[in-house]
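Trainee: Structure in structure tokens, see below.
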Amino acid sequence: MASKGSFRVLVYDLEAGRGDYETFGNRAEILGGSGLAAALFEAHRIPDAPALDPRQPLIFAIGPLTGCFPLMSKAICAFASPYHGQYAETHGGGRLALAMRFAHIDALVVRGRAAKPSCLVAGIRRLQLHDCHPLWGMDVFATGKQLRRMFRFGEGHRSILRIGPAGENGVAYASVNVDTYRHFGRLGAGAIMGSRNLKAIVIDGGSSLPTPPGRDYRKLYKKCYDEVTGPDLMRKYHDLGTAENLAKLNAISALPWDNMKRTRDDAIDGVSGERFAKDQLLRQTACAGCPVGCIHVGLMRERFGEQHEYLYRQVSYDYEPIFAAGTMLGLTDAAKVLTLIDEIERQGLDVMSAGVALGWATEALERGDVGEAETIAALRFGDLEGYMQAVGHLAARANPFYRSLGQGTLVAAKEYGGEDYACVLGQEMAGYATGEAFFVSQALGLRHSHLDSAGYTLDQQGDRVSVEDAVDFLIEDERKRVLLTSMAACLFARSAYPEDRLAEALAVMGYDDIAGNLGPASRKVQALRWRVRFASGFEPDAVTIPKRFREVRNARGPIDTAYLGDLRQAYQQAITGLAA
Ligand code: SF4
């Protein structure tokens, strides 16, 4: 075990087929989670080598509180992204974080390329690379089924990560499926695994750890547990879940429909969170270590054969997948949206990126910028059948058009025309047509994610604030989130874990030096992440905010393009300053 002051990292070389446990870094400086992932990337990356160079690291990291308090349930995956060639982070739940904690590793660094399609199995009692070539070509769900048969140890404590055809074929937004209902979705971690012949990773979390001594820990745990399971703080995530935002954003004309040609539609009732809850919801489930359970699992019924025979499948849904595989594609029926989400997941694509890419392809076909010779499928807003076919073509990179689209919507738009209506903000947009603060914060955010900072919240708070105030808000909000993601906490628990509560939790765990230093340490980690991002080639000037975003008109009125430009410049300066 590493000491309280450093991290225990498993560095595995796929080419050599061996791994070593190493001691790394200083907890008081880089905290863990996001900070640990960025520091490991800085230490292991090969400058100037492309993202798909097998020497580049693929990193998974957890935090100092993982498994010790409710909702400390996430793992951070870091890598050089095949989407833009630069540092990328994606955060995932499931059982991975706790499995790593009980495998006694703070981080896993994978390097090299396996000679054959392989599955890496790591745990306290095992470290092996298994030949799994029969699984190559299998979809995500079939792969999961086979892996559960192959590796019967540690059920309930084991985490299974796997990729589908999209990852094998190098789609730049291929995801890694984590324990079926969670993902490392954005920016192509799946393609990194595919390029390394790494079909799957199984972490065996079958050991145990002692409960921290003393009454203080138990008292604080109970307090946190009572709060997150009480009626005030997090109930909404369990009840309707994030899907409740569909109707809310539609009501303020901030929900993208049909490739964001409009931002409100009366057909919202067919795909609202309420509709999903009424017609599709089967159960809620949770990441390991989370008593909230925000993962909504819908029941999908699929007819097969000539007779009345049906297959039933369980498909998880949230706000973002419903936006991307639903409203963005003009689908207004919850069952159809669930069917499309299921297919995208099966192929191992990120649902948000794939849905937005197909929205652009549909409009490109409508406008004649591409023809059916390119799209193969007849894509029409609202028509499920065309999208079901297109998802397979996208994952297979079936022709030059899908090869290009699989590299990113803007890549295809540059080649075929249609950059103006590409809904891309650094990567395919998240579902918030709320205004300038969100557009800038996603376009220039470290992860190009709606979770980098609360730009969408700022947009919804009445009148526009000054550019200076907006930048201060975004930078400070990012710092607070970096602190949470360095603990590898679920970001839905923002209100449950303010800074003083995190300090208390760290102190009862024996991390007094970190507890007393959270402000400066989180600022350092924030700067570290930006430094790593810039060093890996990020050029904020090169990021575009396409015309379609400037055409948005929502409840606040039209986009203020002058304000958008000023905010972009000021935010750009601020993050450049952070990295210096
Ligand atoms: S709130 Fe949801 S995403 Fe967050 S840890 Fe719990 S189940 Fe996972």
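Trainee: Any residue at all in segment 13-26 that's in contact with a helix residue (DSSP H, G or I) (Cβ under 8 Å, 6 or more places away or on another chain), at pLDDT 95 or above and not in a loop (DSSP other than H, G, I, E, B)? So that I can check it myself, show each step before the final result.
Mentor: Residues of segment 13-26 in contact with a helix residue (DSSP H, G or I) (Cβ under 8 Å, 6 or more places away or on another chain): 24-25.
From what is left, the residues that are at pLDDT 95 or above are 24-25.
Subset that is not in a loop (DSSP other than H, G, I, E, B): 24.
Looking through segment 13-26, at least one residue is in contact with a helix residue (DSSP H, G or I) (Cβ under 8 Å, 6 or more places away or on another chain), at pLDDT 95 or above and not in a loop (DSSP other than H, G, I, E, B).
Trainee: State yes or no: is Ala527 outside any loop (DSSP other than H, G, I, E, B) and among the hydrophobic types (A, V, I, L, M, F, W, C)? Reasoning before the result, please.
Mentor: Values: outside any loop (DSSP other than H, G, I, E, B): yes; among the hydrophobic types (A, V, I, L, M, F, W, C): yes.
When the stated conditions are applied, Ala527 passes them.
Trainee: Can you pull out every residue in segment 59-105 that is of a type in the set (D, E, K, R), within 15 Å of the chain's Cα centre (by Cα) and within 13 Å of the ligand (Cβ to nearest atom)?
Mentor: Of segment 59-105, the ones of a type in the set (D, E, K, R) are 74, 89, 95, 101.
Cutting the leftovers down to within 15 Å of the chain's Cα centre (by Cα) gives us 74, 89.
Hit for segment 59-105 is Lys74, nothing else.
Trainee: Next question. Of these, Ala49, Ala38, Ala114, Ala122, which one is farther than 26 Å from Gly5 by Cα, in contact (Cβ under 8 Å) with a residue 60 or more places away in the chain and more than 16 Å from the ligand (Cβ to nearest atom)?
Mentor: Details: Ala49 fails: in contact (Cβ under 8 Å) with a residue 60 or more places away in the chain; Ala38 fails: farther than 26 Å from Gly5 by Cα; Ala122 fails: farther than 26 Å from Gly5 by Cα.
None of the other options fit; the residue is Ala114.
Trainee: Just for segment 487-535: of the residues that are within 18 Å of the chain's Cα centre (by Cα) and away from the ligand (no atom under 16 Å from the Cβ), which one is nearest to Val292 (Cα to Cα)?
Mentor: Step one: of segment 487-535, the residues within 18 Å of the chain's Cα centre (by Cα) are 487-494, 529, 533.
Keeping just the survivors that are away from the ligand (no atom under 16 Å from the Cβ) gives 529, 533.
Details: Arg529: 30, Arg533: 33 Å.
It comes out as Arg529.
Trainee: Still on this structure, I have one more. Kindly establish whether Ser6 is surrounded by fewer than 21 Cβ atoms within 10 Å (Cβ to Cβ) and either among the polar types (S, T, N, Q) or within 16 Å of the ligand (Cβ to nearest atom) (or both). Reasoning before the result, please.
Mentor: On the way: surrounded by fewer than 21 Cβ atoms within 10 Å (Cβ to Cβ): yes; either among the polar types (S, T, N, Q) or within 16 Å of the ligand (Cβ to nearest atom) (or both): yes.
Against the criterion (surrounded by fewer than 21 Cβ atoms within 10 Å (Cβ to Cβ) and either among the polar types (S, T, N, Q) or within 16 Å of the ligand (Cβ to nearest atom) (or both)), Ser6 qualifies.
Trainee: Moving on to the next point. Only one of (1) farther than 23 Å from Ile62 by Cα; (2) outside the structural domain of Thr285 (by TED's automatic domain parsing); (3) under 20 Å from the mean Cα position of the chain (by Cα); (4) not β-branched (Val, Ile, Thr) fails for Asn245. Which number is that?
Mentor: Against the list (1) farther than 23 Å from Ile62 by Cα; (2) outside the structural domain of Thr285 (by TED's automatic domain parsing); (3) under 20 Å from the mean Cα position of the chain (by Cα); (4) not β-branched (Val, Ile, Thr), Asn245 comes up short only on (2).
Trainee: Pick from Gly214, Gly205: which is under 30 Å from His104 (Cα atoms) and surrounded by 13 or more Cβ atoms within 10 Å (Cβ to Cβ)?
Mentor: Only one candidate passes the filter, namely Gly205.
Trainee: Restricted to segment 259-286, and to residues that are over 16 Å from Val315 (Cα atoms) and of a type in the set (Lys, Arg), which residue is nearest to the ligand (Cβ to nearest atom)?
Mentor: Looking at the filtered set, the residue picked out is Arg264.
Trainee: Shifting gears a bit: Out of all the residues in segment 231-254, which are within 15 Å of the ligand (Cβ to nearest atom) and either in a helix (DSSP H, G or I) or under 18 Å from Ala489 (Cβ atoms) (or both)?
Mentor: Across segment 231-254, the qualifying residues are Leu233, Met234, Arg235, Lys236, Tyr237, His238, Gly241, Thr242, Ala243, Glu244, Asn245.
Trainee: Can you pull out every residue in segment 253-275 that is over 21 Å from Leu358 (Cα atoms) and touching a strand residue (DSSP E or B) at 6+ places or on another chain (Cβ under 6 Å)?
Mentor: Result: Ser253, single match.
Trainee: For segment 472-491, what are the residues that are under 16 Å from Ala527 (Cβ atoms) and touching a helix residue (DSSP H, G or I) at 6+ places or on another chain (Cβ under 6 Å)?
Mentor: Leu474, Ile475, Arg479, Val482, Leu483, Thr485, Ser486 - these are the residues of segment 472-491 that are under 16 Å from Ala527 (Cβ atoms) and touching a helix residue (DSSP H, G or I) at 6+ places or on another chain (Cβ under 6 Å).
Conditions (1) within 16 Å of the ligand (Cβ to nearest atom); (2) assigned to a loop (DSSP other than H, G, I, E, B); (3) outside the structural domain of Gln389 (by TED's automatic domain parsing), marked per residue:
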site	(1), (2), (3)
Ala288	yes, yes, no
Gly293	yes, yes, no
Leu331	no, yes, no
Asp342	no, no, no
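The values are calculated or read from the model by the stated rules, or taken from the named source; none is laboratory data. Here the structure is a predicted model, which is why all the values come from computation and not from measurement. Note: ideal-geometry Cβ built from the backbone for every residue, glycine included; neighbour counts use all protein chains shown.
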